[in-house]
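Enquirer: The following block contains the structure, expressed as structure tokens.
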There are 2 protein chains.
Amino acid sequence: MTESRKPILYSYFRSSCSWRVRIEALPRLCCLWSPLALALKSIDYETIPINLVKDGGQQFSEEFQALNPMKQVPALKIDGITIGQSLAIIEYLEETRPTPRLLPQDPKKRAQVRMISDLITSGIQPLQNLSVLKQVGQENQLTWAQEVISFGFNALEQILRGTAGKYCVGDEVSMADLCLVPQVANAERFKVDFTPYPTISRINKSLLALEAFQVSHPCRQPDTPPELRA
Amino acid sequence: MTESRKPILYSYFRSSCSWRVRIEALPRLCCLWSPLALALKSIDYETIPINLVKDGGQQFSEEFQALNPMKQVPALKIDGITIGQSLAIIEYLEETRPTPRLLPQDPKKRAQVRMISDLITSGIQPLQNLSVLKQVGQENQLTWAQEVISFGFNALEQILRGTAGKYCVGDEVSMADLCLVPQVANAERFKVDFTPYPTISRINKSLLALEAFQVSHPCRQPDTPPELRA
């Protein structure tokens, strides 16, 4: 494959891990919550959709495996390297395109952002993704997904009560918010009861009002099927 | 609970996630691979063992849940805050006690370190931990664990061929190595066949020769049962 000048995001419209990265790229493109950022770095990128269900899963193709041996989206080709794993991508963009910042300056608040992000990306999402659900079996999928998400959300709700302002940590959008919204969307797909999670619900609603979260939404991607578009 | 002057690590001898953090703390204490570090910051810490199996799991106690709502080890009480999630802890220590460094200076190499770390902590470990294995059922546990570890190690072996020097990324010990060694130990417990993973095996062997990896080993913790001591 030849090197494109624009970064290339390998993505799937419904993948919550891909969505995290799409939000990340967009604030830097659209500069929505920091007027300062308007004058600063922005990222324009090209999307190559990887359909996780079609043809037995396009992530298993030889071409894609060579790019990301983990056979998962997202993967981002940028600055001559290819990075897999959504948080590694987000941290790289944060270090190389630092404005607007998605990690607070205070190390203790950064630790809170990373703890919440890791709780979602290690403690919830992997347990309810497509490959695990296949193993669990059709008839148990819904219960399994609801249980693992609720277990994580019980912890998250308690943590957010201590850290949240308008968003997950204080009043600035952070990496934790990029993880929260796609996970809440997964929870909604699995019909999780949100009654015990007023803080999660409130933050999610505030974030979904921001354009970066709307334009990166699974229902508005180049590969979103017509019947799921909104 | 009163605030201790020393950081407190809530740990379980056999928890691979706790081991990651124990290694992290130790180089800063023992300064093994950087003579420069001898003159610099070090961390002495106290361990409070949380037995994940005794009494139905001590991580479910009210006292521990108040500290870490996710009901998992490790958790580190330090500088007046409590941090859960091993990578969030390691990143915090890296930012507040930067010597010796466990993330390279070059952002592209940092991205590789984080990608490998996330691959293990999100893509492998959560799928073979105690809570998932319980759900999978006694008779399927070994096959399940072998499959998810082998799937991840196939990717890891391919990635490491491109990034490794003496260790996971180049010739300096990094956060990725702190994730690798405990995951390899898990793989050995589940009798994974290492024939396809010569690079993983070689790096693991080099790391286990370092004292920080030896003294933090599950077989040498305050809560290691006598029959598992070595």
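The values are calculated or read from the model by the stated rules, or taken from the named source; none is laboratory data. If you're wondering where the values come from, they're calculated on a predicted model, not measured in any experiment. All Cβ positions, even for glycine, are placed from backbone atoms using ideal geometry, and neighbour counts span all protein chains on display.
Enquirer: Taking the condition of being farther than 24 Å from residue A:126 by Cβ and at pLDDT 95 or above, how many residues in segment A:172-230 meet it?
Expert: The number of residues fulfilling the criteria is 5.
Enquirer: A further question follows. Say whether the condition of being under 19 Å from residue A:126 (Cβ atoms), modelled with pLDDT under 90, facing chain A (nearest Cβ under 9 Å) and in a loop (DSSP other than H, G, I, E, B) is met by at least one residue in segment B:72-93.
Expert: Yes; the residues of segment B:72-93 include at least one that is under 19 Å from residue A:126 (Cβ atoms), modelled with pLDDT under 90, facing chain A (nearest Cβ under 9 Å) and in a loop (DSSP other than H, G, I, E, B).
Enquirer: I'm trying to understand the selection: among the residues of segment A:114-132, which are in contact (Cβ under 8 Å) with a residue 40 or more places away in the chain and facing another protein chain (nearest Cβ under 7 Å)?
Expert: A:114, A:115, A:119, A:121 - these are the residues of segment A:114-132 that are in contact (Cβ under 8 Å) with a residue 40 or more places away in the chain and facing another protein chain (nearest Cβ under 7 Å).
Enquirer: Could you grab the pairs with beta carbons closer than 6 Å, sequence gap of 6+ or different chains, first residue in segment B:57-69 and within 11 Å of chain A (Cβ to nearest Cβ), second one assigned to a helix (DSSP H, G or I)?
Expert: B:69/A:155; B:69/A:158; B:69/A:159
Matching residues to (1) without any contact (Cβ under 8 Å) to a residue 60 or more places away in the chain; (2) at negative phi:
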{"residue": "A:160", "(1), (2)": "yes, yes"}
{"residue": "A:164", "(1), (2)": "yes, yes"}
{"residue": "A:170", "(1), (2)": "no, no"}
{"residue": "A:173", "(1), (2)": "no, yes"}
{"residue": "A:185", "(1), (2)": "no, yes"}
{"residue": "A:203", "(1), (2)": "yes, yes"}
{"residue": "A:211", "(1), (2)": "no, yes"}
{"residue": "A:215", "(1), (2)": "no, yes"}
{"residue": "A:229", "(1), (2)": "yes, yes"}
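Enquirer: Six or more apart or on different chains, Cβ under 6 Å: which pairs go from a residue in segment A:138-150 that's in the same structural domain as residue A:185 (by TED's automatic domain parsing) to one that's of a type in the set (Gly, Ala, Ser)? Could you list them?
Expert: Close Cβ pairs (under 6 Å, with a partner that is of a type in the set (Gly, Ala, Ser)) amount to A:149/A:187.
Enquirer: A further question on this structure: Which residue is nearest to the chain's Cα centre (by Cα), if the candidates are limited to segment A:105-136 and must be surrounded by fewer than 24 Cβ atoms within 10 Å (Cβ to Cβ) and among the β-branched types (Val, Ile, Thr)?
Expert: This residue is A:132.
Enquirer: Within segment A:214-230, which residues are charged (D, E, K, R) and under 14 Å from residue A:52 (Cα atoms)?
Expert: Hit for segment A:214-230 is A:223, nothing else.
Enquirer: Take residue A:100 and tell me if it is at the interface with another protein chain (Cβ under 10 Å from one of its Cβ atoms), at pLDDT below 95 and surrounded by fewer than 22 Cβ atoms within 10 Å (Cβ to Cβ).
Expert: no
Enquirer: Also, quick follow-up: Restricting attention to segment A:137-158, and to residues there that are among the hydrophobic types (A, V, I, L, M, F, W, C) and out of contact with any Ser or Thr (no Cβ under 9 Å at 6 or more places or on another chain), which single residue is nearest to the other protein chains (Cβ to nearest Cβ)?
Expert: Selected residue: A:155.
Enquirer: Of all residues in segment A:101-136, count the ones that are farther than 22 Å from residue B:129 by Cβ and not in a helix (DSSP H, G or I).
Expert: Here the count works out to 6.
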